[in-house]
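The values are calculated or read from the model by the stated rules, or taken from the named source; none is laboratory data. These numbers come from a predicted model, not from an experiment. Here the Cβ positions follow ideal geometry from the backbone for every residue, glycine too, while neighbour counts run over all protein chains shown. Calculation scope for accessible area: heavy atoms of the full protein, side chains included, ligands and nucleic acids excluded. Shrake-Rupley method; radii C 1.70, N 1.55, O 1.52, S 1.80 Å.
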Amino acid sequence: MMTQYHKILRQSARDVLDRNWNGHFTRPAPSLYPHQWNWDTGFIVIGLATYDWKRVEKDLQFLFRGQWKNGMLPHIIFGNDPEARYFPGPEFWQAERASMAPEQATSGITQPPVFGFALWHAYRHAPNRDEAKTLLRALYPKILAQHAYLYRDRDPAQEGLAYICHPWEPGTDNSPTWDSALQRIDPQQVSIPPYTRKDLQNPRAAAHRPTQADYDRYVYLVDLFRSADYEEAKIAATCPFIIQDPLFNAILIYSTECLMHIARLLDEPTNQLEAWRTRAVAQMNAKLWNPQTGLYDAWDVVQDQRIEIQTSSGLIPLLAGIPSKTQAEQIQRTLEGPMFSSRDTWLCPTYSLLAEDINYEKYWRGPVWINMNWLLYQGAKRYNLDTVAERLRTDSLELLNRFGFYEYFDPRRKSGTREGYGTDQFSWSASCALDWLAET
Ligand code: DGY
């Protein structure tokens, strides 16, 4: 039932998305992220679809203008706002060095492939489904091309798992999972082009952002890619950071499944999608599943070894129906056990509460993120884990209600903080809330 509390929260969430709309697309947050971000847009359109379908269309049309000719969907599509302060901008990425780049200014790496599922969830909210099918028809081949790119160019061994080559690609920038691979880049030993960060100009976010050493490595990798003119084979051969991430791949698999629903609506064949999905699910279980912890791990392709770091990314395969029923029960025990849950914490911290180096305030090294809770919620529902699904939903809405539409939140109920962390007025936090509130 929609209570007064829900109505107020819904209006505040719409206000966030309305303020972040710039006439062409919805910015994740105008000061810290003033352009269009790939996976943010996926979550944004799901919330927007609950009340403004025209903007869903415009947001997605703008985003796909940035798609590269090989199907790659860049992680940032740059807008034209002369006031926008962001590093690295188009002049640093130099995407035009790639023969595959479009006219539109973009970055040169990708982000989790959310559009199969984002379009499907948005469609389910559409006020007029017949009209909405026009958008499905226009985007279906583009999303298919994105998946073909990932399963072709990002999986040279044809295992069924796509790799990421930069910590910005999985979206979980400074997750502890990336630490060991990033250690291979010694900022003292390699040449790093000069640069000036702009994210630290945001006083609220500055304290929790990735460190300078993290940024040196992020920038080093961008320089490596642009020097290779963004040629995939060269990057695969020289990049010290090539990883198969359970979050990225679970999202890819779920989007593939949702593309199958869309294909059926459009009378398109599903064989290729089915083949990708079957192979990927089998490989997630054969290679990334860790029966000791009840989590899926990331795989370091350069060293050919498992990365045994316990983050919430390892729980997300629930979303895509990857675990068997028995594995899902084990994942539930992991999620409700001491790694991710206690009476004194909100669900779900992004890093194990048992890890000695958990940092409750820093970006992807501990805090609760609302989009991760949304993904996990969908997964829990899928396996009829209704109690934990409801906890994910109520904890998320309560965090937003108490602290505001922040980017991430301290997982400790008694942290003493009165605010969330990172930027406020954050679009996907608002958007996930709108989706949940549409269910009440
Ligand atoms: C940032 O700028 O912090 C983003 O996460 C990179 O896309």
### Summary
Within the stretch 372-429, the residues that are in contact with a strand residue (DSSP E or B) (Cβ under 8 Å, 6 or more places away or on another chain) and among the basic types (Lys, Arg) are ARG412, ARG413
### Query
Considering only residues of the stretch 60-75 that are within 16 Å of the ligand (Cβ to nearest atom) and part of a loop (DSSP other than H, G, I, E, B), which is farthest from GLY171 (Cα to Cα)?
GLY66
### Query
Filtering the stretch 42-60 down to residues that are touching a residue at least 60 places away in the same chain (Cβ under 8 Å) and over 17 Å from the mean Cα position of the chain (by Cα), which residue is surrounded by the most Cβ atoms within 10 Å (Cβ to Cβ)?
LEU48
### Count - residues of the stretch 79-93 that are in a loop (DSSP other than H, G, I, E, B) and either in contact with an Asp or Glu (Cβ under 7 Å, 6 or more places away or on another chain) or within 12 Å of the ligand (Cβ to nearest atom) (or both)
5
### Query
Looking at ALA105, is it surrounded by 14 or more Cβ atoms within 10 Å (Cβ to Cβ) and touching a residue at least 40 places away in the same chain (Cβ under 8 Å)?
no
### Task
Could you list, in sequence order, all residues of the stretch 16-41 that are surrounded by fewer than 16 Cβ atoms within 10 Å (Cβ to Cβ) and in contact (Cβ under 8 Å) with a residue 60 or more places away in the chain?
ARG19
## Note on the structure
Sole miss for THR211 among (1) within 16 Å of the ligand (Cβ to nearest atom); (2) out of contact with any helix residue (DSSP H, G or I) (no Cβ under 6 Å at 6 or more places or on another chain); (3) open to solvent by less than 40 Å² (accessible area, probe 1.4 Å) is condition (3)
### Message
So in the stretch 339-354, with the set limited to residues that are open to solvent by less than 30 Å² (accessible area, probe 1.4 Å) and among the small types (Gly, Ala, Ser), which one is farthest from the chain's Cα centre (by Cα)?
### Response
SER341
#### Entry: Qualifying residue in the stretch 382-399 (condition: in contact (Cβ under 8 Å) with a residue 60 or more places away in the chain and among the charged types (D, E, K, R))
yes
#### Entry: Members of the stretch 177-205 found to be more than 13 Å from the ligand (Cβ to nearest atom) and crowded, with 22+ Cβ neighbours inside 10 Å, listed by number
THR177
### Query
Would the stretch 148-167 turn up any residue that is in contact (Cβ under 8 Å) with a residue 60 or more places away in the chain, part of a loop (DSSP other than H, G, I, E, B), among the basic types (Lys, Arg) and open to solvent by 10 Å² or more (accessible area, probe 1.4 Å)?
no
### Message
Every residue in the stretch 311-332 that is touching a Phe, Trp or Tyr at 6+ places or on another chain (Cβ under 7 Å) and buried (at least 22 other Cβ atoms within 10 Å of the Cβ), please.
### Response
THR311, SER312, GLY314, PRO317, LEU318, LEU319, ALA320
### Query
Among (1) of a type in the set (S, T, N, Q); (2) closer than 24 Å to GLY321 by Cα; (3) open to solvent by less than 10 Å² (accessible area, probe 1.4 Å); (4) not in a helix (DSSP H, G or I), which single condition is SER431 missing?
(4)
### Tally of residues being in contact (Cβ under 8 Å) with a residue 24 or more places away in the chain and of a type in the set (Lys, Arg) across the stretch 255-313
3
### Task
List every residue pair whose Cβ atoms lie under 6 Å apart, where the two residues are 6 or more positions apart in sequence or sit on different chains, the first residue falls within the stretch 188-217 and is in contact (Cβ under 8 Å) with a residue 60 or more places away in the chain, and the second residue, located anywhere, is more than 14 Å from the ligand (Cβ to nearest atom) and open to solvent by 80 Å² or more (accessible area, probe 1.4 Å).
none
## Note on the structure
The number of residues in the stretch 383-423 that are of a type in the set (Asp, Glu) and assigned to a loop (DSSP other than H, G, I, E, B) is 3
### Task
Hey, can you tell me all the residues within the stretch 280-310 that are surrounded by fewer than 23 Cβ atoms within 10 Å (Cβ to Cβ), among the acidic types (Asp, Glu) and assigned to a loop (DSSP other than H, G, I, E, B)?
ASP304, GLU308
### Message
Given the criterion over 16 Å from GLY422 (Cβ atoms) and not polar (S, T, N, Q), identify the matching residue among TYR406, TYR360, TYR377, TYR351.
### Response
TYR377
### Message
When you check GLU169 against the structure, is it within 23 Å of the chain's Cα centre (by Cα), within 13 Å of the ligand (Cβ to nearest atom), among the charged types (D, E, K, R) and within 29 Å of GLN272 (Cβ to Cβ), yes or no?
### Response
yes
